[in-house]
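Chemist: Below is one structure. I have some questions about it.
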Amino acid sequence: MGSYLNGYGATNRALSGAGVAFAEDSMVMAINPAGIIDLKGGGWVIGSVFLSSKQVAYTDKFSGENKSDGGFVFAPGRREAEPDSPGEIDGIFPIVYAAMHSQLDKRNAIGIVLYGNGGVNINYKAFDNQNCPSNTPQSGYFCFGDLGSDIVQIFISPTWSHEINQNLSIGISPELIYQSIEINGFEMFSPISSRPNKISNNGHSESFGYGVKIGGTLKINNKLTAGLTMQSKGYMQKHKEYSGLLAEHGDLDVASYLQYGIAWKMSPLLTFLVDYQRIYFSNINSYANSGQSSGRYGDGDGPGFGWGDLSVIKLGIHYRVNKELSLRAGYSDVHREPINKEEVLNNIITTAVFDQRYNMGGSWIFFNKTNTLDLTINYVPSQKVRGSNPFSGDQYITLSNELFTIDIGWRKTF
């Protein structure tokens with residue numbers, strides 16, 4: 001299950017998501033709705049993230065000497081997740097984005113932006129598993145065939161930005177949110193579910209919701225600008241098809257976050273960006289509840305993914321080589337591991353291992369100086385988390401994720 005992308009739009013993602021105080025194109029509405037007033041004039045942007053990921057689960061061998069009665073031992077060995085989504089092409093998943101803005105007058109601008117989260121789908125194909133109980137199909141990690149998840153989140157946000165004075169601007173973006181999820185392979189946990197027939201393998205479940213994003217920018221002086229964005233929780237309809245798995249009978253709201261940062265114009269050509277982001281997963285039980293909770297799956301206190309709140313530092317450098325060419329580089333790092341070793345079991349179907357990210361990109365202005373081609377490369381090196389199997393005495397599971405994306409965008413000003 002994917003959650004948050006590392007920024008929105010090719011230009012922002014090349015800066016590793018830094019830029020709450022830095023506006024380059026219409027996609028700034030997804031980062032800080034106050035930013036479009038600084039763009040002047042009007043314009044649009046369209047593009048896509050092309051994402052390829054590699055998830056691996058490695059289970060140690062188990063001696064069996066310390067296995068407790070009623071325990072469960074996972075099949076040992078290394079297994080790699082395989083693509084299993086209609087949107088994927090040979091393991092590459094596109095995530096489209098688009099935005100348009102227009103300046104109404106010197107102090108007001110409006111626009112609309114479409115962007116997405118998710119896209120990292122996980123599917124561990126079924127395999128013969130003689131470690132499974134005899135009353136199961138004895139296939140796959142959790143004994144009931146393919147194990148995996150697919151989540152998509154799409155945001156559509158009309159935006160208004162207002163310049164209060166020459167130094168301070170504010171903006172607001174109401175959000176219409178669409179979410180689709182599918183989770184397979186969890187039937188083994190039906191006996192401890194509040195709704196056993198709604199725990200797994202029920203196809204894609206869709207829900208709609210709403211939220212709001214507000215932001216502001218403050219020009220401290222000619223070289224230093226500060227920015228702040230606050231996104232509310234996305235209040236989503238419950239996923240009835242998975243009400244026996246997700247806490248609070250299918251609730252999977254979108255986590256709220258706070259992001260603030262500065263843009264330091266070191267020279268007319270060079271700008272340095274530093275952002276801090278805090279994502280509040282602890283306010284959503286399906287994400288925050290421990291996977292070893294004593295409650296039943298689907299109840300308010302039922303097992304979840306054990307995610308804590310995340311703190312992310314984002315660093316970016318923007319260099320304007322000449323009038324036609326700009327270069328960018330970025331790095332981001334999560335302050336602590338997204339999950340701890342006690343939460344490995346349920347996170348076999350998530351991408352919560354992601355931590356450090358490296359980005360670079362560039363833009364080329366062409367054709368009457370009103371068109372721009374953006375290109376960004378994002379790389380997340382293989383990162384691991386290792387924890388014990390809670391159903392056995394001394395078996396360990398190691399999860400690793402690696403991610404590579406290419407972002408391509410086209411911008412036009414008018």
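Chemist: So how strong a dipole does region 229-373 carry about its Cα centre when Lys and Arg Cβ are +1 and Asp and Glu Cβ are -1, to the nearest 20 debye?
Modeler: Using only the charged Cβ atoms, the result is roughly 860 debye.
Chemist: To continue, here is another question. Report the one residue of PRO158, SER332, GLY42 whose Cα lies farthest in the direction of the positive end of the charge dipole of the chain (charges on C-beta: Lys and Arg +1, Asp and Glu -1; origin at the Cα centre).
Modeler: GLY42
Chemist: Also: State which entries of LYS40/LYS314; LYS40/LYS369; LYS106/LYS323; LYS219/LYS265; LYS40/LYS219 exceed 20 angstrom in Cα-Cα distance in the structure shown.
Modeler: LYS40/LYS314; LYS106/LYS323
Chemist: While we're here: Compute the accessible area per residue over region 137-178, keeping the other protein chains in place, probe 1.4 Å, unit Å².
Modeler: Working: 1540 Å² over 42 residues.
Here the residues of region 137-178 average 37 Å² of exposed surface.
Chemist: Restricting things to Cα coordinates, could you compute the convex hull volume per residue of the chain in Å³?
Modeler: Enclosed volume per residue, from the Cα hull, is 122 Å³.
Chemist: Here's something else I'd like to know. Taking K and R as +1 and D and E as -1, what net charge do the other residues with C-beta under 12 Å from the C-beta of VAL212 add up to?
Modeler: Here the charged neighbours net out to +1.
Chemist: For LEU375, what accessible surface area do you get with a 1.4 Å probe? Give it in Å², rounded to 10.
Modeler: Using a 1.4 Å probe on the heavy atoms, I get roughly 90 Å².
Chemist: Another question, if that's okay. How much area per residue is accessible in region 276-343 when the probe is 1.4 Å and only protein heavy atoms are counted (Å²)?
Modeler: Numbers: 3020 Å² over 68 residues.
With all protein chains present, region 276-343 gives 44 Å² per residue.
Chemist: Once the other residues with Cβ under 10 Å from the Cβ of GLU80 are scored (Lys, Arg +1; Asp, Glu -1), what is the net sum?
Modeler: Surrounding charge for GLU80 is +3.
Chemist: Tell me, what % of the accessible area of the chain is carbon and sulfur with a 1.4 angstrom probe?
Modeler: 58
Chemist: Once a ≥ b ≥ c are taken as the square roots of the eigenvalues of the Cα gyration tensor of region 223-300, is the result rounded (a/c under 1.5), prolate (a/b larger than b/c) or oblate (a/b not larger than b/c)?
Modeler: Values: a/c = 4.83, a/b = 3.35, b/c = 1.44.
Prolate.
Chemist: While we're on this one: Take the chain, mark every one of the GluC sites (Glu not before Pro) that falls in a DSSP loop and has at most 13 other Cβ within 10 Å, then report the longest stretch left between them, sites excluded.
Modeler: The longest such stretch corresponds to 66-323.
Chemist: Here's another thing I want to ask about it. Per residue Cα convex hull volume for region 312-414, in cubic angstrom?
Modeler: Residue-normalised Cα hull volume stands at 103 Å³.
Chemist: Would you mind pulling out the separation of the Cα centroids of region 96-134 and region 233-282, in Å?
Modeler: 12
Chemist: Counting Lys and Arg as +1 and Asp and Glu as -1, each charge on the Cβ, what is the dipole of the chain about the Cα centre in debye, to the nearest 20?
Modeler: 1520
Chemist: When the helices in the chain are scored as -39500 (n - 2.57) per DSSP H run of 4 or longer and the sum is shared across all residues, what 222 nm value do you end up with, to the nearest 500 deg cm²/dmol? Mind dumping the intermediate values first?
Modeler: Working: 3 runs with 13 residues, N = 414.
It lands at -500 deg cm²/dmol.
Chemist: How many nm separate the modelled label positions at ALA226 and ASP128, each set 7 Å beyond the Cα in the direction of the Cβ?
Modeler: With each label placed 7 Å out from Cα toward Cβ, I get 6.6 nm.
Chemist: For region 195-268, with every protein chain kept in place, what is the accessible area per residue (1.4 Å probe, Å²)? Let's see the in-between values first.
Modeler: On the way: 3580 Å² over 74 residues.
Here the residues of region 195-268 average 48 Å² of exposed surface.
Chemist: Considering only the other residues whose Cβ falls under 12 Å of the Cβ of HIS239, what net charge follows from Lys and Arg at +1 and Asp and Glu at -1?
Modeler: Net of charged neighbours comes to -2.
Chemist: Need the list of aspartates and glutamates near LYS384 for cross-linking: C-alpha distance under 14 angstrom, and skip anything on the same chain fewer than eight residues off.
Modeler: Excluding near neighbours in sequence, the set is GLU80, GLU337, GLU342, GLU343, ASP355, GLU402.
The values are calculated or read from the model by the stated rules, or taken from the named source; none is laboratory data. These figures come from a predicted structure and were not determined experimentally. Because the Cβ atoms are built from the backbone with ideal geometry, glycine has one as well, and the counts that use them run over all protein chains shown. Just so you know, the surface numbers come from the protein's heavy atoms only, side chains and all, with ligands and any DNA or RNA stripped out. Shrake-Rupley method; radii C 1.70, N 1.55, O 1.52, S 1.80 Å.
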